[in-house]
Structure formats: structure tokens, C-alpha cells
Amino acid sequence: MELPKRILPKRILIVDDEEDIRDVVQVALEEFVGWQTCVATSGLEGLYIAQQETLDAILLDISMPDMDGFQLCEALQADPTTQLIPIIVLTANVLPRDHRRLADLNVAGIITKPFNPLTIGQQVAELLGWTD
Amino acid sequence: MGIPFYLQDWSSWLSPVVLADASCCYPLLLAGLLGLIVLVVVETSLLASIVTSWSRRPAVALPKPEQDYLSDPTCTQTQEALKQSESFNRAILNALPDLILRLRADGTYLDIKPTTAFPTYFPNLRVGENVRNVLPPPIAQQRLTMIATALQTGAMQVYEYPLTVQGQPLWQEARIMPLNAEEVLVVVRDLTERKRMEEALRQSEARLELAQQVAQVGYWQFDVEQGTRLWSELTFRHLGLDPTQPEPSWDELLQIVHLNDRATLQASAERAITNGIPYALDIRVVHPDGSIHYLEARAEPLLNAQGQVTQLIGTLLDITDRKGTEAALQEREAMLRAIGDNLPKGYIYQIVYEPGKGRYYTYLSAGIERLLGLKPEAVLANPQLMRQVGIAEDLVYADQVVQESLQNLTPIELQMRNRTAEGQIQWSSIRSVPRRLPDGRIVWDGVEVDITELKQIEAALRTSEEQFRRAFDDAPIGVSLVLPTGQFIKMNRRYCELIGYSEAELLELTFADVTHPDDQAADLEGFRQLLAGEIQAFHMEKRYITKQGDIVPVLLNTAMVRDEQGQPLYSIGHVQDIRERRQIERMKDEFISVVSHELRTPLTSIRGALGILESGVFNTRSDKARHMVQIALNNSDRLVRLVNDILTLERLQSGKVALVMESCSVAELMKQAIESVQALADEAGIGLVWQPLVAQVWAAPDLVVQTLTNLLGNAIKFSPSGGSVWLSAEIRSGDWRTIGSPRGTGTGHSNLLNDSAPLSVSTATSWVCFAVQDQGRGIPDHKLELIFEPFQQVDVSDSRKKGGTGLGLAICRNIVQQHGGRIWVESTLGSGSTFFLTLPYQPESNNGTA
């Protein structure tokens, strides 16, 4: 495996209603790129944490009950305290019609599920320009 | 002065009565031209003797002849002879119709010999009187002049003159002969009758000529003995010859006659001359210009006393026109007969109505036998035969039409049915035009033709048109006809419904008027290409804007209908409302999207967990590694369930699951379902409460158990530990649509159980209604219907935690629906939900019979 470029230490919020997926993403980011992570199990929880914590990025699931990824995205961008946090969508919605709506979101990037846990950190870093 | 003896004699001959009646006698004297000529001949010699005898006499004093003769004793014999001669002369003179006068040169009458045959018109006429006092002045003057001329020249003067006496026009002739130097003899003859005859003859000849001219009769004479011919002008003309030329010879004449008619004419002419047999022939002659003329040639021989033919008198009449007319008439009759006899299934006829005698046929062409199986002669003899083949009700109508025609001379035009010999109904079209004859009879010339086939075609056409009209009107898609101008000319009901306009409103519009502005350009371009023939058909998904302002997406298929010359008549457009299709497509897309998402979600966990394990990062941390293995395992199971459920649902929806139906015990079904979830309930600390119903349902038992199990499983999963789940069943009657009234909403479970005793109901509309009741958190109202759709769990993550696939209720609904039952839920948030499902109830009596 190609050695990853040097990646700066970051703090990432993972918002997903699927516990197993949250666990896998957490492990991948912490173990393979050494970033700090925090998790939210719903959109509302994610908004709360984003407003409370200092974050370098948010990895955001779309399909969630109550407040889904789209709504959270709008809420984050509407809130001055969170609007500068880069958002990367992590979604299982991969059909073209799903992407048309995603394209309207002002997000830093989209990573589709399933993802490779060994490289997801690298992908995020590249999307956000965190590589040297 | 004494009266000459013969004048005395004349006086005695002429009694006053005779004089008065003389006018009646003189026509006898003139019997014709020949008679006149004879008279003139006799008269001339007689006059000569008279003149001779008078000339010997003295001019003034006439001696007494008697004395002269008697006093001459030496001449007794001579005297006797003379006496006889004079007597003879007197008799002749008396027989003459003429007025004989002796006048002096100055016009004085010296002698007057009146005549029985000559009227005395002038009362002053007597001896010693002068012509000036007797005759009208112009006549008198002329007389004196002529006397003078006669005396001067010594020659007889003859002249004719008209005069009017007592209103009568007269013609007289005067002959004036000098007797001596002083006297003249005047013989006056009445020419009135002769002139009248001449005039009559002239007029008669003129009339004959005129008649010949009018009748175009040429007249000819042939003198057999002399071999001469005398032809009238028309005879020349009929033969195409110049009337100013002399008559041709017989041989020349024969050359003019048509070759085929020469022998006949020759033979007829010879028979006429030799045997005195008249002839009348129609012959053809060839005119110099080559045209052929038909002549009717007649000849009549004139015989002499010995019975020999002396002359042939004949006529020629040009009958070319008549021949032409005759030929045309024959031609027309033949044509009529041919038409009548050859009418394909039809005939022509003539009917006569005769007052007092009724109607009868006078002509029927042969076709009647082919058409009606009746012989023409039979119908001519008995017109009633026609009524035997006619259909009674049609005959009634036909009689009305005929009666009207009889009264008003209106043409007959009707269609009626006959029954053929084979018993089939045959349709006839009958047309005839009446005309009234001078004798009061009315004649209809008509034709009857078979129109059975036409009627059948008509009927087929009507059916076809009706079918088309229904197909058009009742078509489930909109159909519209549009002119090349874009204007609507016809549309069906569906089209009107689709666009929201009435037909009358649409007829005022063009298709562009109801087309979405964004689609107009493309639609018009397609229409243009159609019109131009660049494309045969045009398809387009377009949007209409309804009268109400709604946008309706449709699929338009249109083609141009053209006339024989290829000119566009109108376009026909089929318009399919694709809102439903769009909806289905959206749902399909949605489903695929959701399925994709639902499949990817467990795969993401599996892929992530396995990737982490494979990296070896947890090689030294076994608890972490075990957690990853557990994630992979759980999600694998979930994936399997999901795939199974998707397949089950798809098979149910597409009807690929054949329901093996049988009579099932409701209690047994309930028992199996309870047993299959007992372990789950025990594990969750949930109490299962159920009350078996003794009844039979017609159902596929496995699928019903699966459904009940699913509902019970959900109830257990969403009930708090320590709670209860109830399963009950009851028999309900009536339409299941009304069974589903929200009786259980918010009323708790006891209500249902208390009412669960079997009901006495009619079997036709009876159902077994199962109820699964829980004490869960309840379902919001807006989700009550939605939860039966795929992947529409109330709470996705919660459902997944409980191992749900999001398809369970969708599968349940499909199974129940395929049993002809219904599934629904009643719920109170915070108190719990009750799922109901109905299955057809099978009464005891029917057990095992189905």
C-alpha cells in the first residue's frame, strides 16, 4: 500500500444514525490517520455538537430520521458559529437523482458508502486540502 | 227606223223573266279552259259570218230583210236556203253567251243583242243611247278610244277590263270589229268567272307547290311512249341534281341510286311500265357530295283505253330524317330493352293507372324473374302477384307513396323489402316518374333494382361507424383531429377531460393555445415536419395547460391524414396522460434508490469492519477485533433478511407467489403464530395474550401465519419490557371497507376482546378479523397509511436496531390483499397500536367442500 502523505492532526465530527457505520468510521479515522473523532447519532445531536465543539470537519450521513443530512447541512451553514466548518457527505445514496440534490449543497465533497476504511482519512484530507 | 228582223226576234226571245235570271245561267257556259278554247274557235268563225252578213248592209238605214227576201219571187229556193241559214245563225247567236252590240263611231248603240247568259248590268243600255251614258266614265272612254282605233286600223281590237257594278267586281272582254266606216260590232264577254277560275287555279297551283315544298315531295312524270321526263324542282333536289339542268336519262338516274337499291328500282319500274303495277319503295340515293339520302319513291301508271301504260306519274320524298328518327327510335327501344333485360338484379316497368280500371302493368323487363322469381307475363296478367312477395308493412308504405304520386304526380322513390323464393329478405329500390296521358290515364315508367348488398354494406358501415364512434368517444386516451391551421375540428371525451375544456371551447382554439409555452416550439416544429411530409409520425412528451391552469404531462403521437392527392387534410393526435406513468416511474426510481441505499448500508458496515480487521490494526486488541467481527456478522444477517424480503415482496407484487388456498382453522393459525414468536416474547419480557376463535377461513395457511408472526414480532419489538401483546379474532359482517371503521382507536384492547364472541352473520359478506394489539409508543396519524409502504418505518434506526428490514408490513399488506382481505392499523400515540387484518370467513356448512 502506498504510504499516505503526512496528514495534520484534526478533529472530526461523524454524524450517522447507523451505529455500526459510526464505529467503523471512527476506527478508520482514529487508527489510520490519527485524528480525533466525535460522533452524533442524529441530525439534531450533530448540530448541537457542532455548535459546542471545535471541529475541523464534519462527516455527514444523509438518510436519517427527523433531521436528515440536507436539513443539518442547511442548519450548519445558516449558523455563523458552524458555517465555516467544512462538510463532507458520506452517503449510500449513489444514484444520479440523489446526486443532483447533493450538488445543490455547499459541501466540500462526497464519499459514497461503502468506503475503504484504510483510505477514507486520506480521501477526506485531499478533499479538504489538508495534504502538503 | 225599224227594228231589224233578227233584233225583233231577239226581243221576242228575251222575255223580261229570262233577262232577270240571266245571271244564274251564264256560269253554265264556262266549263273549263278547253271549253273556252272551243268557244273561241266557234265564236271566231261565227263572228266572221256575222261580220260578213252585217257588212253587206247599208250603214244607216237598214232595209227590212223580210221584205227584201219575200219580195224577191225569183229566189224562192235561195230564199228558203237563206232562211234556213239565218235561222241556224240565229240559233247559234242566241246560244252565244256574249253581249253583241252594234255601235256608231260616236258611241251610240245601234243594235243590242242581249243574251240569256249575260246579265244586263246597265239600266240605260238601249238602242239610241250613247256609251257615255251607259258605262262608267273610264270604261266608256276606253270603249270610244278602242272603237276609234278599230275604225282607223280596220283591225279587231280586243281588250279586257275590270269594272265594278252594283258592288260586284267584274272582268269583261270587249272585241271591237269595224263593220263599215261608221259602225263597229262590239262583242262583250263576261270574264269574271274565268278570271275567278284562273285565280283559283293559280292559287291552287301555288298551294300545291307550297304543299310540295312543305312536304318536300318531288313530282315527276314519265311519258312512256315518248320516253320524256318532266321533273319538279324538288325531284332534282332529292336526287342531288341541279334543277336548272335537263332531266337525266334512266341510266344516269340509276347511277345515282345506291348500288344495293338499283335492282329493286329497276324491277319495280319495269313492272310498272309493263304491267301497270304501281310501286312505293324506300331507296337510297348517293348525292354528288357522297351523302346518302333515303327517298320514298312512288309511281302510279296511267293507262290508255287499251290498258297500256302511257305515263308514269310519281313522287319522291326525302325520308332521310324519318329514317334517322326511325333508326334512332328502334335503337332506343332496343337499348331500353337491353337495359331492362340486363339490369343486374333489377328490371324496368311501366304501370298504367286507368280511371275506373285501376293499376296494371304494361311492361316488365325480363329481370323481374331473376329478382323476384316472377315471370313478366304472369305479373302482366295478374299484378297482385307482386303483393305476394312484398313485405306487408312495406306494402302499406308503398301504397301511400303510390297514392300520393297518383294525386300529385310526384315521383315515386322508395325502398322496400321483398321475400325471395328462398325466404330471404331482399331490398329493392324503386323509382319512377308519373306522367298524365291526354286521355286521363297516368303512366309510371320506373325501375326496381336490388339493393340488398347495399343495405348490408350500409348496415356494416353503420356498425363500423358506430364501433369507430364508440372507439373514438370511449377511448381511454385522448384523441383529437387538428386542421393544418392548428385548429381543432374534433376530439373525444377523454381529450376534453384531459385538457379541461368543453368540445365547443376547444373548437375555438388551436393546439398551440393549450400547449405549455416551453413545449410550443418543439410541437410546432414537429407539426410543420408532418405537414411537409418530412416525417410520417410525430411523437413527443409535452405538457398541456388545462383550462384550470394545471400542467398535464402527456405523450403525444400524431400523424397526418391526407387526401388522394397527398394534400394534408387533418392530423390525428393520440394523447396519453402520463401523470400516472410518471408517478409510477418516480416510485420505481424511489424504490430502487431506497433499495440501493438499504443494501449499501449494511454493506458499508461489513466492508468497513472487514477492512479494519484485515489491516491488522486490532491484531493485538482482540476485544476491538471481536467487535468488528460482530458488526460484520450482524450486517451480513441483516443483508440476507433484506434480500429475502425484497424478493418476497417482489414475488408477491408480481403475482409470482401462487397462493395455495385451503380451508384453515382460525384457532390453529393463531396458535402457530403465537408459538413462533413465544421465544422472542419471552426474551423481551413480553406477555402474549390470545383467545382462539373456532372458525374456518379460506386462506394460504403459511402466508397467514407469516403475516400474524410479523405483526406479533413488531408488537413485541416495540413494546416495553413487561408489557403485553394481544392476539384476537372475530367474525364480522358487511363490506370490509366499512369494517375498518376506527372502532379500536384509543379504546384499548379490552374492548376488542369483550366483543369477540362469534356473530350470526350472512356468509356472503362475512370476514374473520384478526387483531394484534400492543402497548408500544404508537404511530403518528400521518404515518398510519405510510408504514405499509416499503422502507417507510416510523423510525428507521430504531427499526434497524430491532432487525427490521422496512419491508415487513409491505409484505403483510400484499399477502392480505391477495386473500381479498384488508390490513390497517389504529393507533394512539403513547398508548399503543392495533393492527387489523381480515380474511374471508368460511361457514361450518361449507367446511371441506371447497
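Between A:GLU74 and B:GLU650, what is the label-point separation in nm under the 7 Å Cα-to-beta-carbon projection?
According to this spin-label approximation, the distance is 3.5 nm.
Probe radius 1.4 Å, ligands and nucleic acids left out: which of A:HIS99, B:HIS516 has the largest accessible area, and how do the rest follow? Mind dumping the intermediate values first?
Numbers: A:HIS99 60, B:HIS516 25 Å².
The ranking, largest first, comes out as A:HIS99, B:HIS516.
Can you pull the Kirkwood radius for chain A, inverse mean 1/r over Cα pairs, to one decimal in Å?
Values: mean 1/r = 0.0681 Å⁻¹.
Hydrodynamic radius (Kirkwood, Cα pairs) of chain A is 14.7 Å.
Across peptide A:18-30, what mean number of C-beta atoms from other chains lies inside 10 Å of a residue's C-beta? Can you show the working numbers first?
Values: counts 9, 6, 16, 8, 1, 9, 13, 3, 1, 11, 5, 0, 1.
The shielding value for this peptide is 6.
Report, to the nearest whole %, how much of the accessible area of region A:11-128 belongs to carbon and sulfur atoms, 1.4 Å probe, protein only. Intermediate values should be presented prior to the final figure.
Values: 2170 of 4770 Å².
Carbon with sulfur: 45 percent of the solvent-accessible area.
Can you grab the distance from the C-alpha centre of region B:627-703 to the C-alpha centre of region A:58-123, Å, no decimals?
37
To the nearest 100 Å², how much accessible surface do chains A and B hide from each other in total, with a 1.4 Å probe? List each step's numbers first, then the result.
Numbers: alone 7220 and 46160 Å², together 51180 Å².
What A and B bury together is about 2200 Å².
Would you mind checking which residues have amide H under 5 Å from B:SER571's amide H? H placed 1.01 Å from N; only 5 or more apart, or other chain.
For B:SER571, whose amide H was placed from the backbone, the distant partners under 5 Å are B:VAL482, B:LEU483, B:VAL561.
Roll a 1.4 Å probe over the protein heavy atoms and report the accessible area of B:TRP220 in Å², nearest 10.
Number for this one is 30 Å².
With a probe of 1.4 Å, find how much accessible area chain A has per residue, and write the answer as a whole number in Å².
Values: 6090 Å² over 132 residues.
Normalised by residue count, the accessible surface of chain A is 46 Å².
Provide the FRET efficiency to the nearest 0.05 for the A:LEU84-B:GLN630 pair, computing r from the beta carbons and using R0 = 51 Å. Display every interim value, and only then the final one.
Details: r = 38 Å, r/R0 = 0.74.
Working from the Cβ atoms, E equals 0.85.
Let me confirm one metric for peptide B:608-619, namely the mean number of other chain beta-carbon atoms within 10 Å of its residues' beta-carbons.
Numbers: counts 15, 6, 3, 11, 8, 1, 2, 7, 0, 7, 2, 0.
Partner-chain Cβ atoms within 10 Å, mean over residues of B:608-619: 5.
Under a 1.4 Å probe, what is the accessible area of region B:562-658 per residue, stated in Å²? Provide the component values of the computation, followed by the final result.
Details: 5750 Å² over 97 residues.
In whole numbers, region B:562-658 has 59 Å² accessible per residue.
What net charge is computed for the residues neighbouring B:THR244, neighbours being all others with C-beta under 12 Å from the C-beta of B:THR244, Lys and Arg scored +1, Asp and Glu -1? Display every interim value, and only then the final one.
Details: positive: B:ARG237; negative: B:GLU233, B:ASP242, B:GLU247.
Residues close to B:THR244 contribute a combined charge of -2.
Quick one: check the C-alpha center-to-center distance for region B:271-324 versus region B:124-151, whole angstrom.
Measuring centre to centre over Cα atoms gives 58 Å.
Could you compute the net charge surrounding B:ASP341? Neighbours are other residues with a C-beta less than 13 Å from the C-beta of B:ASP341; K and R count +1, D and E count -1. Spell out each step's value before the answer.
Numbers: positive: B:ARG337, B:LYS345, B:ARG370; negative: B:GLU333, B:GLU369.
Within the 13 Å Cβ shell, the charges total +1.
Rounded to the nearest 0.05, what FRET efficiency do B:ALA381 and B:THR463 have when you use their Cβ-Cβ distance and R0 = 35 Å? Please report the intermediate quantities before stating the final value.
Values: r = 43 Å, r/R0 = 1.22.
Once the sixth-power term is evaluated, E becomes 0.25.
Which whole-number percent gives the relative contact order of region A:21-132, counting Cα pairs below 8 Å spaced six or more residues apart? Don't skip to the end; give the middle numbers.
Details: 124 pairs, mean separation 28.8, N = 112.
Taking the mean separation of contacting Cα pairs over the length of region A:21-132, I get 26 percent.
What are the extents of the Cα atoms of region B:332-449 along their three principal axes, in Å, largest first?
42, 36, 24
Whose amide H sits under 5 Å from the amide H of A:ILE111, counting only residues 5 or more places off or on another chain, with H placed in the peptide plane?
Here A:VAL89, A:LEU90, A:THR91 satisfy the definition.
Would you mind giving the mean number of other chain beta-carbons within 10 Å of the Cβ of each residue in A:112-121, as a whole number?
Numbers: counts 2, 8, 11, 4, 3, 12, 6, 1, 2, 0.
Mean partner-chain Cβ count within 10 Å for A:112-121: 5.
With every protein chain present, what accessible area does B:LEU96 have (1.4 Å probe, heavy atoms only), rounded to the nearest 10 Å²?
10
Among B:527-540, B:824-837, B:642-655, how do they line up from the highest to the lowest mean number of other beta-carbon atoms within 10 Å? Don't skip to the end; give the middle numbers.
Numbers: B:527-540: 14.2, B:824-837: 21.3, B:642-655: 15.8.
Result, highest mean first: B:824-837, B:642-655, B:527-540.
Could you tell me the ratio Rg/Rh of region B:171-263? Both radii from Cα atoms, Rh via Kirkwood. Intermediate values should be presented prior to the final figure.
Values: Rg = 23.1 Å, Rh = 17.6 Å.
Result for region B:171-263 is an Rg/Rh of 1.32.
When the convex hull of the Cα atoms of region B:475-577 is projected onto a plane and the area is averaged over all directions, what value comes out in nm²? Present the calculation step by step, with values, prior to reporting the outcome.
On the way: hull surface 23.7 nm².
Reported value for the Cα convex hull: 5.9 nm².
Convert each backbone phi in region B:416-428 into a coupling constant with the Karplus relation 6.51 cos²θ - 1.76 cosθ + 1.60 (shift: θ = phi - 60°), then list the ³J(HN,Hα) values in order as whole Hz, x for Gly and Pro.
Along region B:416-428, the couplings run 8, 9, 10, 9, 6, 4, 7, x, 7, 7, 10, 9, 10 Hz.
Mind ranking B:THR244, B:THR452 by accessible surface for me, highest first, 1.4 Å probe? Numbers along the way, then the final one.
Working: B:THR244 110, B:THR452 25 Å².
Greatest to least solvent exposure: B:THR244, B:THR452.
Starting from the exponent 0.38 and prefactor 2.2 Å, build the expected Rg for region B:583-648 from its residue count and divide its actual Cα Rg by it. If you can, show how the numbers build up before the last one.
Numbers: Rg = 15.6 Å, N = 66, 2.2 N^0.38 = 10.8 Å.
Taking N as the residue count of region B:583-648, the ratio is 1.45.
Based on the mean of other Cβ atoms within 10 Å per residue, sort peptides B:313-325, B:581-593, B:772-784 so the most packed one is first. Please list the in-between numbers first.
Values: B:313-325: 17.0, B:581-593: 12.5, B:772-784: 18.7.
Most protected by this proxy first, the peptides run B:772-784, B:313-325, B:581-593.
With a 10 Å radius around each residue's Cβ, average the other Cβ atoms per peptide and rank A:48-54, B:626-632, highest first. All intermediate terms of the calculation are to be shown ahead of the outcome.
Details: A:48-54: 14.4, B:626-632: 18.4.
Top to bottom by mean Cβ count within 10 Å: B:626-632, A:48-54.
Taking all protein chains in place and a 1.4 Å probe, what share, in percent, of the accessible surface of region B:583-648 do carbon and sulfur account for? Each step should come with its number before you reach the end.
Values: 2130 of 3650 Å².
Taking all protein chains in place, region B:583-648 shows 58 percent carbon and sulfur surface.
Please give the Cα centre distance for region B:498-561 versus region B:356-426, rounded to the nearest Å.
58
Among all the aspartates and glutamates, which ones have a C-alpha under 15 Å from B:LYS542's C-alpha, if same-chain residues fewer than 8 places away are not counted?
B:ASP513, B:ASP518, B:ASP519, B:ASP523, B:GLU525, B:ASP550, B:ASP577, B:GLU580
Rounded to the nearest 0.05, what FRET efficiency do B:GLN407 and B:GLU198 give with R0 = 41 Å and r taken as the Cβ-Cβ distance? Could you check? Let's see the in-between values first.
On the way: r = 62 Å, r/R0 = 1.52.
Efficiency, from the Cβ-Cβ distance: 0.10.
The values are calculated or read from the model by the stated rules, or taken from the named source; none is laboratory data. Just so we're clear, the structure is a prediction, and the values are computed from it rather than from any experiment. Reconstructed Cβ throughout: ideal geometry from the backbone, glycine too, with neighbour counts over all protein chains shown. What goes into the accessible areas is simple: the full protein's heavy atoms, side chains included, and nothing from ligands, DNA or RNA. Shrake-Rupley method; radii C 1.70, N 1.55, O 1.52, S 1.80 Å.
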